[in-house]
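The next block holds one structure in the form of structure tokens; read it before the comments.
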Amino acid sequence: MADLGRGLTFLAFAVALYGIGAALYGAIAGRREWVTSARRAVYTLAALTTGAFLVLELAFLRNDFSLAVVQSHSSITTPTFYKAAAAWSSQEGSLLLWLWLLSVWSSLVIFLTRHRMRDVQPYAIAVLLGFAAFFGGLLVFAVSPFDTLPIAPQDGTGLNPLLRHPSMMIHPPMLYSGYTLWAVPFAFAVGALIVRRVDAEWIAATRRFSLGAWIFLGVGILLGARWSYAELGWGGYWAWDPVENASLLPWLTGTAFLHSIMVQEKRGMLKTWNASLILATGTLAILGTFLVRSGILDSIHAFGASTLGIPFVILIGVMIAGSVALVVSRRDVLRTEHKLDSLLSREAMFLANNLVLVGMAFVVFWGTFFPLISEALTGNKQSLGPPWYDKYVVPLALALILLSGIGPVIAWRRATPKNARRNFLWPITAGVATTIVLIPFGVAGRPLALAMFAFAAFAVGTIVQEFVRGVRARKAMTGERAPLAFLTLIRRNRRRYGGYTVHFGMAVLFVGVAASSAFQHVHTVQLKKGQSTEIGRGYTARYDGPTSRIDVTSDGVERLVFGAKLTVSKDDKKVAVLRPERGYYPIEGAPFAGAVGRYFDGESTSEIAMKAGLGLDIWSAVTPDLDPTLAIVKKGDTVFKQASGKLSAQDYSTALGTTIRSLTDNYAKSAPPATFRLIVSPMVAWIWLGALLVFLGGLICIWPTADLAHRRATAGYAARVARELGRARPERA
Amino acid sequence: MDPARKRRVRLVVALSAAVVLAAALVYTSFSASSEARSPSQLLASADPGRTYQLTGKVVNGSIEKHGTTYEFRVRDRDGTASVPIRYTGSVADTFRAGREVIVTVKRQGTTFVGEKDSLVTKCPSKFQEQSKTQKT
């Protein structure tokens with residue numbers, strides 16, 4: 001099996017190299033058959049990497065511990081779903097996933113554009129296969145997922161319990177889909193620049209892939225945030241950690257790109273900017289992949305230094321140098337077709353939106369790489385914390401929300417006072433009204449949060465106004481009822497109304513972030529049974545007592561769980577009963593661990609308990625005081641060590657089971673104090689709700705429109721008529 | 001005003017604003033940053049009252065818990081030099097002896113006091129250095 005995987009990976013690498021040569025030779029020599037062969041190489045690559053990935057998946061599902069990667073990331077007791085997903089929890093597996101996704105997306109785009117942009121396509125193929133050859137080369141020469149151990153062990157060390165969360169399992173494929181999809185517009189931009197064909201066709205040809213990249217990367221970031229909030233036991237969803245920032249960077253520049261290409265499509269402007277943005281986004285996607293593997297920055301994720309750093313640095317260097325050289329050498333054809341007529345125009349607002357997004361990306365980039373920058377400049381490695389990021393990102397986010405309200409409705413070229421009055425009177429009223437309504441509730445003490453609420457109300461106001469006007473117009477034209485008119489409106493103008501939905505979702509999301517950050521109450525406290533504590537906003541939590549249980553699977557004890565029962569009340573009325581827990585997993589692959597102690601020496605994870613609502617989340621995590629229990633555990637280890645060999649295997653196992661059971665029961669009976677982290681956080685649900693709306697809007701945008709199909713059919717018909725007319729003319733002559 | 005001149009003025013104003021903002025960003029990043037140090041570097045020199053970002057591994061058997069306060073020692077990643085830490089606040093699930101941690105500290109006498117809720121334990125989950133297990 002390992003040989004098959006290795007063989008498929010090597011063939012994939014060889015096919016990628018062949019494809020690059022064929023595509024470039026075909027383009028330079030004008031031999032179409034070589035380009036066709038290169039295209040087939042892309043399809044073959046997809047088939048080979050699919051095969052290699054399936055081999056790795058099978059190895060995980062069949063517990064093939066002869067493979068080092070399976071031994072170190074799975075075990076017999078790992079549930080099947082997590083076994084399947086464990087493939088990409090390793091360095092090697094994740095690189096194979098990267099290559100597989102890249103080859104699948106490349107095949108799709110090459111197939112869909114096979115009759116378009118024939119001059120650009122060979123170079124785009126060469127770039128896409130260049131990425132494939134790079135990752136294939138890493139898998140063949142540096143970190144193969146098919147390396148085997150000299151002696152296959154009976155069991156593996158298991159998947160880290162922290163990763164046993166559905167969102168954490170889906171998070172990497174989402175992120176990698178985003179990263180690899182950005183390679184598509186990057187490759188076509190390079191091709192378009194090489195052949196000096198910088199009209200909007202390469203943008204149109206890859207627009208859905210750009211949107212797909214943006215959606216996947218966004219979903220990946222959101223799942224990471226959700227996992228952090230629900231699984232990590234600290235109650236936060238964003239920490240400005242380098243690894244989080246690495247995924248945010250291409251998302252920010254990609255968002256800017258998706259806006260600015262509209263200006264190029266509509267008015268032939270910002271060509272240099274768009275080319276630079278997508279080249280930067282593609283490079284940042286590779287930088288993100290590199291950052292989590294290099295170990296060059298201190299991150300909460302202990303990504304160890306590996307041998308992959310230098311190849312990645314070379315690739316990123318080539319991408320930057322090549323991008324700069326291409327843009328500079330093509331500046332004559334990248335010249336804008338129109339000038340900016342007025343600062344009060346849609347194109348000016350889009351440009352401002354781009355500057356804000358790129359400004360945000362610069363802040364995040366600077367903060368992320370500041371340890372390296374400061375070390376290079378001063379000799380001392382220094383790092384920046386969340387307050388520094390907030391100082392810059394919050395005002396920029398305010399500007400972004402404001403622009404998201406102005407941009408979609410202001411007129412192209414030049415807005416007149418009449419246009420401004422017509423479009424902004426009601427939204428401004430909504431923003432001002434929101435401010436006035438919120439001031440009595442004490443929001444004025446947090447001016448940035450208040451500004452965010454007002455700007456979000458303004459942005460939502462413009463969007464609602466656009467929907468209302470559109471529905472009214474359809475009703476007047478067709479006589480449809482309002483719900484049908486609403487749906488038809490979206491269906492017939494997916495790009496426009498999908499965009500509005502995205503903006504609506506962003507406003508909701510930012511309101512959630514502002515409210516949960518500015519008005520959060522965090523309380524860390526140790527409580528004895530029966531004790532109560534104020535946790536903020538008038539809520540009280542009472543520790544009713546400890547809980548304990550043993551989770552077992554068909555293969556034995558999965559984990560010991562120690563928890564607490566908390567009653568939350570407000571104004572003497574019970575609001576919720578929370579049962580936060582902490583699970584202790586047995587240590588795997590540690591033959592010298594004590595018989596009892598091994599059940600406490602493995603990983604432990606919080607199972608938070610939360611009462612979540614649209615208005616407020618009451619979040620709790622517990623750290624049980626196991627010191628008295630661990631003292632007994634030590635004695636138990638000594639007893640079982642002495643009993644080893646004197647008892648039959650069955651008696652030993654029964655005695656051990658009884659001991660574990662009595663330990664967990666005693667914990668619940670003895671009621672030791674426990675430490676709680678209690679958070680009252682308003683409107684966190686708005687973040688998840690807003691994000692869902694954003695991605696719903698993205699899906700609406702990406703869905704093919706009836707108009708597009710109609711245009712294609714019409715264009716096909718027109719071409720046929722033209723051909724027939726062309727044939728008819730000589731006869732007439 | 002001549003449209004070309006107007007555009008030039010706009011460009012100069014925009015570029016000037018960008019330069020001012022970039023300068024502010026650079027300036028504040030140096031003044032707001034904490035110096036990253038290893039335990040041996042802190043032992044060599046640490047000014048009282050100054051904030052440092054300490055990175056290292058929790059020494060085996062050193063963790064003591066008093067209510068919500070933790071006392072433990074952090075050692076160099078690849079060495080034995082260690083410093084005592086007193087920390088109050090939340091700890092991640094992954095916090096335990098032998099784990100790599102990052103904590104913002106200030107020197108108080110011979111002890112380093114951690115800033116509340118600043119302790120992060122590195123996630124041991126992914127892409128760690130290749131294991132020493134022999135592979136074929």
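The residue that is surrounded by the fewest Cβ atoms within 10 Å (Cβ to Cβ), among those in the range A:488-535 that are aromatic (Phe, Trp, Tyr) and in a helix (DSSP H, G or I), is A:497. Summed over the range A:66-109, the residues that are among the aromatic types (Phe, Trp, Tyr) and at pLDDT below 90 give a count of 3. Residue count for the range B:7-47, restricted to those that are more than 10 Å from chain A (Cβ to nearest Cβ), farther than 15 Å from residue A:371 by Cα and either without any contact (Cβ under 8 Å) to a residue 24 or more places away in the chain or exposed (fewer than 13 other Cβ atoms within 10 Å of the Cβ) (or both): 13. Considering A:217, A:222, A:181, the condition of being touching a Pro at 6+ places or on another chain (Cβ under 7 Å) and either over 30 Å from residue A:7 (Cβ atoms) or aliphatic (A, V, I, L, M) (or both) is satisfied by A:217 alone.
You will find that of A:404, A:383, the residue that is among the hydroxyl-bearing types (Ser, Thr, Tyr), over 30 Å from residue A:338 (Cβ atoms) and at pLDDT below 95 is A:383 and no other. The residues of the range A:665-687 that are in contact (Cβ under 8 Å) with a residue 40 or more places away in the chain, away from chain B (no Cβ under 14 Å) and surrounded by fewer than 19 Cβ atoms within 10 Å (Cβ to Cβ), listed by number, are A:665, A:668, A:670, A:671, A:685. Among the residues of the range A:136-187, write down those that are more than 10 Å from chain B (Cβ to nearest Cβ) and of a type in the set (Asp, Glu). Listed by number, the list holds a single entry, A:155.
Can you say whether residue A:509 is hydrophobic (A, V, I, L, M, F, W, C) and within 14 Å of chain B (Cβ to nearest Cβ), as far as the supplied structure shows? In short, no.
Can you say whether residue A:601 is exposed (fewer than 14 other Cβ atoms within 10 Å of the Cβ), touching a strand residue (DSSP E or B) at 6+ places or on another chain (Cβ under 9 Å) and closer than 21 Å to residue B:99 by Cβ, as far as the supplied structure shows? Answer is no for this residue.
With the condition kept exactly as written, say whether any residue in the range A:121-128 is on the phi > 0 side of the Ramachandran plot, among the hydrophobic types (A, V, I, L, M, F, W, C) and more than 14 Å from chain B (Cβ to nearest Cβ). Looking for residues that are on the phi > 0 side of the Ramachandran plot, among the hydrophobic types (A, V, I, L, M, F, W, C) and more than 14 Å from chain B (Cβ to nearest Cβ), one finds none in the range A:121-128, hence no. As a summary of the residue check, residue A:676 satisfies the conditions (1) assigned to a helix (DSSP H, G or I); (2) out of contact with any Gly (no Cβ under 8 Å at 6 or more places or on another chain) except for the one numbered (1). Applying the criterion of being in contact with a Gly (Cβ under 8 Å, 6 or more places away or on another chain) and not small (Gly, Ala, Ser) to the residues of the range A:550-569, the residue that is surrounded by the most Cβ atoms within 10 Å (Cβ to Cβ) is A:560.
Select from the range A:365-386 the residues that are surrounded by fewer than 22 Cβ atoms within 10 Å (Cβ to Cβ) and in a loop (DSSP other than H, G, I, E, B) and write down the one among them that is nearest to the other protein chains (Cβ to nearest Cβ). The qualifying residue nearest to the other protein chains (Cβ to nearest Cβ) is A:380. Of A:631, A:593, A:655, all but one fail to be at pLDDT below 85 and part of a helix (DSSP H, G or I); the exception is A:631.
If you go through the range B:77-105 and keep only what is away from chain A (no Cβ under 14 Å) and touching a Ser or Thr at 6+ places or on another chain (Cβ under 7 Å), you end up with B:79, B:81, B:84, B:86.
Taken together, the residues in the range A:169-208 that are surrounded by fewer than 22 Cβ atoms within 10 Å (Cβ to Cβ), part of a helix (DSSP H, G or I) and of a type outside the set (A, V, I, L, M) amount to 4. Residues in the range A:303-357 that are part of a helix (DSSP H, G or I), away from chain B (no Cβ under 11 Å), small (Gly, Ala, Ser) and out of contact with any Ser or Thr (no Cβ under 7 Å at 6 or more places or on another chain): 5 in all. For the range A:50-87, which residues satisfy the criterion of being in contact with a Pro (Cβ under 7 Å, 6 or more places away or on another chain) and closer than 17 Å to residue A:8 by Cβ? A:56, A:69, listed by residue number.
Residues checked against (1) in contact with a Lys or Arg (Cβ under 7 Å, 6 or more places away or on another chain); (2) of a type outside the set (A, V, I, L, M, F, W, C):
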residue	(1), (2)
A:333	yes, no
A:341	yes, yes
A:351	no, no
A:354	no, yes
A:358	no, no
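Tell me yes or no: at least one residue of the range A:277-288 is within 12 Å of the chain's Cα centre (by Cα), assigned to a helix (DSSP H, G or I), buried (at least 22 other Cβ atoms within 10 Å of the Cβ) and in contact (Cβ under 8 Å) with a residue 60 or more places away in the chain. The answer is yes; a qualifying residue exists.
The residue of the range B:47-71 that is farthest from residue B:113 (Cα to Cα), among those that are of a type in the set (Gly, Ala, Ser) and at pLDDT below 85, is B:61.
Checking each residue in the range A:290-314 for being modelled with pLDDT of 85 or more and touching a Phe, Trp or Tyr at 6+ places or on another chain (Cβ under 8 Å) picks out A:290, A:311, A:312, A:313.
Every condition in (1) over 30 Å from residue A:526 (Cα atoms); (2) among the small types (Gly, Ala, Ser); (3) under 19 Å from the mean Cα position of the chain (by Cα) is met by residue B:56 except one, and the failing one is (1).
The values are calculated or read from the model by the stated rules, or taken from the named source; none is laboratory data. In this text the structure is predicted, and so the values were computed from the model without any measurement. Every residue, glycine as well, gets a Cβ built from its backbone with ideal geometry; the counts of neighbours run over all protein chains shown.
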